[in-house]
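> The structure's right below; bear with me while I get my questions together.
The values are calculated or read from the model by the stated rules, or taken from the named source; none is laboratory data. Note that the coordinates shown come from a computational prediction; the quantities given were computed from them, not determined experimentally. Neighbour counts are summed over all protein chains in view; Cβ atoms, including those assigned to glycine, are modelled from backbone coordinates with ideal geometry.
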C-alpha cells in the first residue's frame, strides 16, 4: 500500500469512530454530573479533571493507535457565568475531527470539546 492509499484508509478517519466517542462523552458527563446537587467552586476543577481524563481514556481505547485524542471539559456556574469559546485547529478534514457538546444541569453547564487527530 502506498502513502496516499494508506492516508485515505477509513481506519484513520475520525468519522468512523465519532458516534462511539459521542456516546462516551454523553455517558461520562451524565454519569459524573447527574448526582451533583449544586455547583461548588471548590469542586469544579476536580469534576472537570475527572470528566476529561475519563473521556480521553475511553476514547483512546476506541481510537487505538490511529488517533491522538484531546479533550477539554469545562464546568460553568449558571449564576455567574457569561462565557464564549472558540476552538480552531489546522488539520486534514478527511482524517481528523472534533466534537462539541453542551450539557445543562440545574446549577451549572458542562461543556466538552474533543479533537481526534489522525496519526497518518
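> Could you check how many residues of the stretch 19-29 are in contact (Cβ under 8 Å) with a residue 60 or more places away in the chain and out of contact with any strand residue (DSSP E or B) (no Cβ under 7 Å at 6 or more places or on another chain)? Write out each step before concluding.
Going residue by residue through the stretch 19-29, those that are in contact (Cβ under 8 Å) with a residue 60 or more places away in the chain are 21-22, 25-26, 29.
Narrowing further to those that are out of contact with any strand residue (DSSP E or B) (no Cβ under 7 Å at 6 or more places or on another chain): 26.
Selection size over the stretch 19-29: 1.
> Something else now. Answer yes or no as to whether residue 51 is at pLDDT 95 or above, assigned to a helix (DSSP H, G or I), within 16 Å of residue 105 (Cβ to Cβ) and in contact with a helix residue (DSSP H, G or I) (Cβ under 6 Å, 6 or more places away or on another chain). So that I can check it myself, show each step before the final result.
Working: at pLDDT 95 or above: yes; assigned to a helix (DSSP H, G or I): yes; within 16 Å of residue 105 (Cβ to Cβ): yes; in contact with a helix residue (DSSP H, G or I) (Cβ under 6 Å, 6 or more places away or on another chain): yes.
Yes; evaluated as a whole, the condition is true for this residue.
> Continuing with this model, one more query. Does residue 46 satisfy the criteria of being under 21 Å from residue 100 (Cβ atoms) and either touching a residue at least 60 places away in the same chain (Cβ under 8 Å) or in a helix (DSSP H, G or I) (or both)? If you could, list the steps in order and put the result at the bottom.
On the way: under 21 Å from residue 100 (Cβ atoms): no; either touching a residue at least 60 places away in the same chain (Cβ under 8 Å) or in a helix (DSSP H, G or I) (or both): yes.
It is false that residue 46 is under 21 Å from residue 100 (Cβ atoms) and either touching a residue at least 60 places away in the same chain (Cβ under 8 Å) or in a helix (DSSP H, G or I) (or both).
> Related question: Do the conditions hold for residue 14, that is, is it surrounded by 13 or more Cβ atoms within 10 Å (Cβ to Cβ), over 11 Å from the mean Cα position of the chain (by Cα), more than 25 Å from residue 119 (Cβ to Cβ) and in contact (Cβ under 8 Å) with a residue 60 or more places away in the chain?
For residue 14, the condition - surrounded by 13 or more Cβ atoms within 10 Å (Cβ to Cβ), over 11 Å from the mean Cα position of the chain (by Cα), more than 25 Å from residue 119 (Cβ to Cβ) and in contact (Cβ under 8 Å) with a residue 60 or more places away in the chain - is not met.
> Across the stretch 14-43, what is the total count of residues that are touching a helix residue (DSSP H, G or I) at 6+ places or on another chain (Cβ under 9 Å) and outside any helix (DSSP H, G or I)?
3
> I need the strands (runs of 3 or more DSSP E) fully contained in the stretch 54-120, keeping only those with at least 1 residues that are crowded, with 17+ Cβ neighbours inside 10 Å, free of Cβ contacts under 8 Å to residues at least 60 places away in the same chain and out of contact with any helix residue (DSSP H, G or I) (no Cβ under 6 Å at 6 or more places or on another chain). Lay out the reasoning, then the answer.
Values: elements: 67-77, 97-104, 108-118.
Once the strands (runs of 3 or more DSSP E) in the stretch 54-120 are filtered for at least 1 residues that are crowded, with 17+ Cβ neighbours inside 10 Å, free of Cβ contacts under 8 Å to residues at least 60 places away in the same chain and out of contact with any helix residue (DSSP H, G or I) (no Cβ under 6 Å at 6 or more places or on another chain), what remains is 67-77, 108-118.
> Might you check whether a residue that is out of contact with any strand residue (DSSP E or B) (no Cβ under 9 Å at 6 or more places or on another chain) and under 16 Å from residue 30 (Cβ atoms) occurs anywhere in the stretch 64-77?
Within the stretch 64-77, the subset out of contact with any strand residue (DSSP E or B) (no Cβ under 9 Å at 6 or more places or on another chain) is 64-65.
From what is left, the residues that are under 16 Å from residue 30 (Cβ atoms) are none.
Scanning the stretch 64-77, I find no residue that is out of contact with any strand residue (DSSP E or B) (no Cβ under 9 Å at 6 or more places or on another chain) and under 16 Å from residue 30 (Cβ atoms), so the answer is no.
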